[in-house]
Amino acid sequence: MTASATADRYPSRGDLLLVLNCGSSSIKFALFDAGQTPLPRAPVWNGKVQGIGGDAPSYGETGRETEQVALDADQPYHAALTRIRDGVAARLGGRRLHAVAHRVVHGGGRYEAPVRMDAAVLADLKGYVPLAPLHQPFALEAIEMLLEAEPALPQVACFDTAFHHTLPQVERMLPLPYDAWTRGLRRYGFHGLSYAYMAEVLPERHGAVARGRCIVAHLGSGASLCAMQDLESIATTMGFSALDGLMMGTRTGALDPGAVLYLMEIEKLSLADVGHLLYHRSGLLGVSGRSSEPRVLLPLEAEAGETGERARIALALYVRRIVREIGALVAVLGGLDLLVFTAGIGEHSAEIRARVCAGLGFLGVALDADANTADAAVISAPASPVLVGVEPTNEEWIAARQTLALLAGAH
Ligand SMILES: Nc1ncnc2c1ncn2[C@@H]1O[C@H](COP(=O)(O)OP(=O)(O)O)[C@@H](O)[C@H]1O
Ligand SMILES: CC(=O)OP(=O)(O)O
Ligand SMILES: [Mg+2]
């Protein structure tokens, strides 16, 4: 093997690895010290580009949030990537960038494991853009930009859908005519890097209970639930696309398809208009008319008049959908041992957690109010038959580790 092939496979001391996590409203970036074994969970540098798709996208580094930099709203992804690359270059100081890991939301039926990117894989993954229009194009844009700028730099795609390869067929199938299945119209599931992290960290945190009947509630801008048994996905609320399941910041979640037909046939909305409505103008934003974020809506509930009323109904609907879907997953699991909240809202909103848990009284779920307010790792009361936890997710670390393993030839 040549020296450069060996360097591709194994990082040397001091080598760094960049992870890009393109979400629906943000790009999270993290730089890891790839030369250390085991890979440290904390990055050496990280940050977040926020407000992608909105009027005021901005770039910020963790620890320097007050120095938020405005980005060109017409080309936010390009501007963001340029900033991130500048930031990486400033931190290399003679060290080598070993690889770039990307969270790619959709791997379709073909990619159940991370894959090294090249032009052919890129073309393949572009085929899944219609299945994840809020996410897929942007991750692929970043990959394409880097393939052109630094063709020798290894890039690896790590898929949200991959963790759900254990779903049984009865959870994967859509009740359409059978040949839809063979055409790839099936439930894939998302947020898999987050659930993969949970499968790693929950046994460390909670011991054997994590291997039992467990539900993880990933509540971010996009939101889903995953039912795990023995740390494997057995059911999940997002399905064919990232529109299914829970109500989200701007997305509907599960919706009667008859409503879509009505909007198009009777109200004459075009296909593009319906797509925009379902992905960008619905959910908490659409119902409240004010914000896609619970932290903005919660204080508005106290207001008199329409603002307060709509904030209250938006949040009531949001919480009701979570409770209903948890109920459905409890039925699939045959009971519940552990419920874990994660992602932006799950990790930080004690009020949303309290409202969800109040709806789970039928399971005997009882919270310790102080622990919940403190975002503690265990927030259930000692007598609660279901252990309830809060666990910060770390999709970037999972992507970094998968990438190192793939490049070292472990896949
Ligand atoms: N400290 C916080 N308190 C309450 N909500 C928060 C906090 N931080 C983030 N959030 C909420 O989390 C959501 C974003 O979650 P995140 O997991 O970062 O989503 P994404 O990956 O899609 O960008 C937003 O609704 C945001 O308001
Ligand atoms: C799949 C998905 O909705 O991801 P995110 O929550 O990061 O937008
Ligand atoms: Mg996310």
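The values are calculated or read from the model by the stated rules, or taken from the named source; none is laboratory data. As the structure is a prediction and not an experimental result, all values here were calculated from the model. Cβ: placed from backbone, ideal geometry, glycine included. Neighbour counts: every protein chain shown.
Tabulated data for the structure shown
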read-out: Extreme residue, surrounded by the fewest Cβ atoms within 10 Å (Cβ to Cβ), among residues of the range 191-233 that are of a type in the set (Asp, Glu) and in a helix (DSSP H, G or I); value: GLU204
read-out: Single unsatisfied condition, THR66 versus (1) within 16 Å of ligand 2 (Cβ to nearest atom); (2) over 21 Å from VAL105 (Cα atoms); value: (1)
read-out: Failed condition for THR236, given (1) within 16 Å of ligand 1 (Cβ to nearest atom); (2) surrounded by 24 or more Cβ atoms within 10 Å (Cβ to Cβ); value: (1)
read-out: Test: residue in the range 244-256 that is farther than 29 Å from ARG295 by Cα and surrounded by fewer than 23 Cβ atoms within 10 Å (Cβ to Cβ); value: no
read-out: Residues within the range 346-393 that are closer than 16 Å to VAL319 by Cα and touching an Asp or Glu at 6+ places or on another chain (Cβ under 8 Å), tallied; value: 3
read-out: Test: residue in the range 348-363 that is within 30 Å of PRO154 (Cα to Cα), touching a Leu at 6+ places or on another chain (Cβ under 8 Å) and touching a residue at least 60 places away in the same chain (Cβ under 8 Å); value: no
read-out: Hey, LEU131 more than 16 Å from ligand 1 (Cβ to nearest atom), over 16 Å from the mean Cα position of the chain (by Cα) and not small (Gly, Ala, Ser) or not; value: no
read-out: Count of residues meeting criterion [assigned to a loop (DSSP other than H, G, I, E, B), over 30 Å from MET228 (Cα atoms) and either of a type in the set (Gly, Ala, Ser) or not assigned by TED's automatic domain parsing to the domain that holds ARG116 (or both)] in the range 127-173; value: 1
read-out: Which numbered condition LEU329 fails, given (1) crowded, with 22+ Cβ neighbours inside 10 Å; (2) of a type outside the set (Ser, Thr, Tyr); (3) outside the structural domain of GLY220 (by TED's automatic domain parsing); value: (3)
read-out: Any hit, the range 246-262, residues being touching a helix residue (DSSP H, G or I) at 6+ places or on another chain (Cβ under 9 Å), closer than 30 Å to GLY212 by Cβ and part of a helix (DSSP H, G or I); value: no
read-out: Filter result for ALA374 (aliphatic (A, V, I, L, M), within 16 Å of ligand 3 (Cβ to nearest atom) and modelled with pLDDT of 95 or more); value: no
read-out: Residue in the range 174-190 that is modelled with pLDDT of 95 or more and of a type in the set (Val, Ile, Thr) present; value: no
read-out: Total residues in the range 80-103, condition surrounded by 19 or more Cβ atoms within 10 Å (Cβ to Cβ) and in contact with a Pro (Cβ under 9 Å, 6 or more places away or on another chain); value: 5
read-out: All helices (runs of 4 or more DSSP H) inside the range 270-349 with 1 or more residues being more than 21 Å from the chain's Cα centre (by Cα); value: 271-280, 283-288, 294-300, 305-333
read-out: THR161 at pLDDT below 95, more than 30 Å from GLN68 (Cβ to Cβ) and not charged (D, E, K, R); value: no
